[in-house]
Every structure is written in C-alpha cells, then in structure tokens.
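Please read the structure below before turning to the comments.
The values are calculated or read from the model by the stated rules, or taken from the named source; none is laboratory data. Bear in mind the structure is a predicted one, so any value in this text is a computation, not a measurement. For neighbour counting, all protein chains shown are included, and Cβ atoms are generated from backbone atoms with ideal geometry for every residue, glycine included. Just the protein is used for accessible areas: all its heavy atoms, side chains included, with ligands, DNA and RNA removed. Shrake-Rupley method; radii C 1.70, N 1.55, O 1.52, S 1.80 Å.
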Amino acid sequence: MLLSLLLHGDATASGTFLGYDAPRLHAVINDFPPALLVVGVLLELAYLLTKRESLRSASYWSLVIGAVSAAVALFSGLRAEDALEHGQSIHEIMQVHERFAWITLGVFGVVAVWRVLRESKMGRQERWALALVGVLGLVPLTVTGVEGGELVFDHAAGMSTE
C-alpha cells in the first residue's frame, strides 16, 4: 500500500490496481511484450546460426514470458478502453490497435505453446519454421505499437483534459 501511494496517489481509489487506473496500468505493462518478443525472436535466430544452447534457453524464456505479457497487456488495454472517454476517431484507432494486439497474441501464443510442448523434441527445420513465424509475428506487433503510439502522441488518448 505504501509503495502504491508513493508510485501514484491514492491506493484505495476504486477501479485502480496498485494505485494505477486502467490507462496508466496499460502504459506500465505495454512495453514488456515488444521488448521480450523481439529479443526472443532475435535470440532464436542467433541460436539457429551459432548453436549456442544459452541462446536457445534465453529465447525460450523471452518468448514464453513475452507471450504471457502480451496477454496481460491486451487485457489491460481492454480495461483502459472502457475507462477512457473518447470520440469516434480515437475509437476507430483503438479498434485497429486492439485487432493487431489480438493477432500478435495469437501468433506469439502459438509460438510459445509450441515451444513449451515441443522444445526438447524440435528438429532444425521445425525450429527454423517456428522462427520464421516469430519473424512474421513482428509485423502485427509493430503495427500494434504504432497504433498505440498514435493514440497517445497524436490524439492524447488517456491524457487529462484539465
């Protein structure tokens, strides 16, 4: 509770988590998926090129944790959307942002589940194919980030109007 008060005001306010309202919580969480997923894909490619086991292990954990964080970011974004007053133009951008977030979660959710189930059994071709899926998954991940940035930086979504 004290940490929450130090970080962001009233920890007991309704509709908050650790003192953060939904839009601010989404802002805290939404940087984890791109960081972890991009690094996970790059580490997997590095492993495939070098065969260093430490890179494979780091890739595995980055992708699995990145996929989980993508789910958390998506659901925090859905809460943020409901909490923000916004007009039609912002809503349309939010819809595109949400659609690409779902696509990103779908792609990396499959990659993560595949890795969890098949990590010790995968052959080289299967690993390259899955790495290619990860590389392709960076496209919707990037679009999600661009659309989210447009919401905040071009349309001030979530910014106080006072």
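One table, with the values for the structure above:
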{"item": "Counted charge near PRO140, where neighbours are those whose Cβ lies closer than 15 Å (Asp, Glu -1; Lys, Arg +1)", "result": "-1"}
{"item": "Sequence-distant residues sharing a close amide H with ALA157 (under 5 Å, placed H)", "result": "VAL152"}
{"item": "Mean accessible surface per residue for segment 56-162, computed with a 1.4 Å probe while every protein chain stays in place, in Å²", "result": "57"}
{"item": "Potential lengthening between ILE65 and MET122 on full extension [0.36 nm per residue; Cα-Cα distance subtracted]", "result": "18.5 nm"}
{"item": "Segment 93-162: projected area of the alpha-carbon convex hull, averaged over directions, in nm²", "result": "5.5"}
{"item": "Overall dimensions of segment 49-116 by Cα: Rg and Dmax, Å", "result": "15.9, 51"}
